[in-house]
Amino acid sequence: EAGVAQSPRYKIIEKRQSVAFWCNPISGHATLYWYQQILGQGPKLLIQFQNNGVVDDSQLPKDRFSAERLKGVDSTLKIQPAKLEDSAVYLCASSYRVTEAFFGQGTRLTVV
Amino acid sequence: SQELEQSPQSLIVQEGKNLTINCTSSKTLYGLYWYKQKYGEGLIFLMMLQKGGEEKSHEKITAKLDEKKQQSSLHITASQPSHAGIYLCGAEWGAQKLVFGQGTRLTINP
């Protein structure tokens, strides 16, 4: 079974630039999560989709972050414009139910 | 305040020793999940606990959920270098929302 695919693995950008991350969940998984993990901390939930609808985006900084999940499958997370404090690993996960969410390898973002 | 607290934040043990990591929730859990993360990589699912008093084991790792469903412990017996990493507990309180603690960094010394 193919796992959760994320790209790119690494990205370095200058502050005020834009960046986008892509996630392809496991086939058939209705729930998709985006997490932000700052070095030394646990993952923080940014947004949760159920199919193509948003279940929770209470911790998404909506002035600069946006996410979409077209057709209830792939998802993209965008940051525009990026700030230094956005440097983190961005993790995508999917699940059939909450039980046993499967994670991708993550995208490590460095903002300089 | 943190709704899900892990302790300790970091742990260094000698190979072969036993260890315990704790996870405490500020409210009753629908489900408690343990994950392991290697540096720079994604999270690997270890175990899920849902019932009060439930206990599960996988190889040398045992996880328990207390009767009140607010506290869980992860116990590793006879630790090995392969156990090193970051252990994260995740909580489901409702609406299928999965929230994580801050993690425990485990180092195994030979």
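The values are calculated or read from the model by the stated rules, or taken from the named source; none is laboratory data. The structure presented is a predicted model; accordingly, all values stated were derived computationally and were not measured. Cβ placement follows ideal geometry from the backbone for every residue including glycine, while neighbour counts extend to all protein chains displayed. Note: accessible area is taken over every heavy atom of the protein model, side chains too, but ligands, DNA and RNA are not part of it. Shrake-Rupley method; radii C 1.70, N 1.55, O 1.52, S 1.80 Å.
Starting from a Cα-only point model with no solvent, please compute log10 I(q)/I(0) by Debye for segment B:4-109 at q = 0.11 1/Å.
-0.30
At 1.4 Å probe size, with every protein chain present, just tell me what the per residue accessible area of chain B comes to in Å².
50 Å²
Mind listing the lone cysteines of the protein assembly as shown, meaning no other Cys beta-carbon sits under 4.7 Å from theirs?
Singleton cysteines: none in the protein assembly as shown.
Could you give the dipole magnitude of segment B:4-109 about its Cα centre, charging the beta-carbon of Lys and Arg +1 and that of Asp and Glu -1, in debye to the nearest 20?
Dipole about the Cα centre, nearest 20: 80 debye.
Could you do me a favour and compute the accessible area per residue for segment A:5-99, 1.4 Å probe, result in Å²?
It amounts to 49 Å² per residue over segment A:5-99.
Carbon and sulfur: what percent of segment A:5-99's accessible surface (1.4 Å probe)?
50 percent
For chain A, what is the charge dipole size about the Cα centre, in debye to the nearest 20, if Lys and Arg each add +1 at the Cβ and Asp and Glu each add -1 at the Cβ?
Value, rounded to 20: 280 debye.
Return the residues of segment A:4-51 for which accessible area with all protein chains present is lower than in the chain on its own by 50 Å² or more; set the probe to 1.4 Å and exclude ligands, DNA and RNA.
Residues of segment A:4-51 that lose at least 50 Å² of accessible area once the other chains are added: A:Pro43.
Using a loss threshold of 10 Å², tell me which positions in segment B:22-49 are less accessible in the complex than in their chain alone. Probe radius 1.4 Å, ligands and nucleic acids ignored.
Listed in order, they are B:Tyr33, B:Tyr35, B:Gln37, B:Tyr39, B:Gly40, B:Glu41, B:Gly42, B:Leu43, B:Phe45, B:Met48.
Write down the percent of antiparallel bridges among all DSSP beta bridges whose residues are both part of the protein assembly as shown, to the nearest 5.
90 percent
Positive end of the dipole of chain A, charges at C-beta (+1 Lys, Arg; -1 Asp, Glu), about the Cα centre: which of A:Thr76, A:Gly28, A:Tyr10 has its Cα farthest in that direction?
In chain A, that residue is A:Tyr10.
In Å², rounded to the nearest 100, what is the total accessible surface buried by chains A and B against each other with a 1.4 Å probe?
1800 Å²
Can you check what the net charge comes to around B:Phe45, using other residues whose Cβ is under 10 Å from the Cβ of B:Phe45 (Lys, Arg +1; Asp, Glu -1)?
Taking every other residue near B:Phe45 into account, the sum is 0.
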